[in-house]
Every structure is written in C-alpha cells, then in structure tokens.
Amino acid sequence: MSGEGQRLGEMLRSARESRGLDRARIERDTRIRERYLSALERGAYDELPGDVYARGFLRTYATYLGIDPDAMVALYRIETRAPAVERAGTIARRRLGGTPQPRAFALAPGAVAAAILTVLVGALVAYLAYQLITFARTPELRVLEPAGDVSGHRESSIVIRGVTAPNARVSVSGLAENPSVVADAEGRFSVRVELLPGSNLVTLSALDPRTTRRSPEVTRRIEVIGADDAGESRRPPSAQPSSARPSSAQPSSAQQG
C-alpha cells in the first residue's frame with residue numbers, strides 16, 4: 001500500500017477513534033458492512049466489491065465522520081492509480097524481454113532541497129484547500145425519526161431525532177412553541193415538539209458553530225387526531241347526550257289540575 005493510501009486510512013481511523021466510535025455502531029448507522037469499513041481504513045480496496053461501491057462507501061463513511069467526502073475520494077483515486085501504473089510498467093518490461101538493470105545515480109544537494117520544498121508547498125496547499133472546503137461547506141441535517149410525514153398521530157407531542165454537524169444548534173420553527181437543542185459531539189440530536197390538533201408543519205434547521213453556516217431546512221408534516229375527534233369516532237351511533245333524551249317524569253297532580 002502506498003503512502004497516500006496509508007494517509008487516507010489513518011485519517012478515517014483517526015476521525016473514528018477521536019469520536020469514540022466503533023465500526024459495529026457505524027455499520028448499524030450507515031448500513032455499510034464492518035468488513036468494508038475495515039478495508040477502507042486499511043486501504044485494502046481489493047476486498048471491496050468494486051470501484052463504484054468503494055467510492056460510494058467512502059463518501060458515506062467520510063460524511064458520517066464529518067470529513068469532506070470529495071477530498072477523501074480524491075485521495076482514494078491517487079492511491080488506487082499508483083498500483084495500476086506500477087503493474088502496467090511491470091507488464092511492459094516483461095514484454096520487452098526482462099527487467100532492466102538498475103543504474104547508479106547521485107542526487108545533487110540542490111535537487112534534494114528543491115524536492116523537499118516542493119513536498120512542503122504541496123502539503124501546505126492541500127491543507128489550506130481542505131480547510132477552505134471544510135469552512136465553506138453547508139452543514140448536513142438528516143431527520144431519522146420520523147422518516148417522513150406522519151398522519152393519524154394521537155399524541156399532543158412528538159420526538160424528532162436526527163444527525164447534523166457536531167455540536168450544531170438545531171432549531172424548530174412553524175409551531176406555537178419552537179424549541180431548540182444542541183447536538184452532541186457525534187452530531188446526534190433529539191427534540192420534543194408540542195403539537196396542535198390538525199395539521200402541523202414542523203421545520204428544522206441546524207447552525208454549525210465552527211463555520212457559522214446554516215443547513216438547508218427539513219420539514220415534516222404531522223397530522224394530529226385530537227382527543228375529541230378520537231372520542232367521537234369511537235362513540236356508538238345510538239349514544240346520545242343525556243340532555244337530548246326525553247324526560248320520563250309524569251306531570252304532577254297539581255299540574256294536571
């Protein structure tokens with residue numbers, strides 16, 4: 001495995017360990033098998049089902065860990081391109097009649113210094129590009145529960161759970177009471193909202209404290225069946241209020257007189 005591949009695997013593993021996550025939990029959350037997550041961290045791409053799947057797994061895994069997925073895919077392409085070039089060179093040498101004899105060479109001190117300077121400049125540019133992409137990125141907001149709109153809800157409140165940027169503040173709008181909550185270090189949040197009978201349009205958004213950027217809004221429509229509506233639907237057709245029943249009392253003798 002090349003140095004770039006080791007760098008990619010180390011970035012994934014370091015991000016996972018810094019958040020205190022294990023691969024079994026990530027498998028449950030992302031639906032990516034643990035052995036594929038391990039292969040990504042080790043750079044063992046020959047254990048993955050294919051290049052398209054590998055890039056898809058890498059994007060999902062990087063997004064889950066809060067790492068820029070485009071930067072990770074770029075590193076993956078660099079890593080997988082180098083072995084392919086080496087294999088092509090080996091095949092070409094074999095077809096030409098054997099491996100060429102190594103030749104002794106010496107590097108001038110100026111060439112060594114220029115090479116070191118080039119590597120340092122390239123590393124600095126890559127770091128600055130990564131920081132720029134990170135701070136220009138819009139935070140993600142995913143609502144996991146409820147997965148979609150809800151109809152026939154019989155309670156006056158509902159708990160909404162989801163995932164966003166670590167420590168982001170998730171705000172609710174569109175209701176009579178609009179609570180807010182801060183996500184944990186892994187980006188998970190849970191907030192209970194109070195509902196009114198009828199249609200409730202719940203709108204959520206997240207503010208990333210690192211970049212001060214706000215996520216796109218996510219909405220859920222909750223149709224609430226009120227207690228009165230539920231009682232009327234369960235009342236037998238023959239049941240009537242006591243005030244509507246005719247009085248069985250007979251008129252008194254004084255009234256008859």
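The values are calculated or read from the model by the stated rules, or taken from the named source; none is laboratory data. Note that this is a predicted model, so its numbers are computed, not measured. Surface areas here come from the heavy atoms of the whole protein model, side chains and all, with no ligands, DNA or RNA. Shrake-Rupley method; radii C 1.70, N 1.55, O 1.52, S 1.80 Å.
Here are some notes:
- Alpha carbon convex hull of the range 114-178, projected area averaged over orientations, nm²: 6.8
- Amide H contacts under 5 Å for Leu144: Arg161, Gly162, Val163, restricted to partners 5 or more places along the chain or on a different chain, H placed in the peptide plane at 1.01 Å from N.
- By a 1.4 Å probe calculation restricted to protein chains, Thr219 has an accessible surface near 70 Å², given to the nearest 10.
- Residue-level accessible surface for Ser173, protein heavy atoms, 1.4 Å, Å²: 50
- The heavy atoms of Ser190 present about 60 square angstrom of accessible area, all protein chains included, probe 1.4 Å.
- The listed residues Phe189, Phe57, Phe135, once ranked by accessible area (1.4 Å probe) with the largest placed first, stand as Phe135, Phe57, Phe189.
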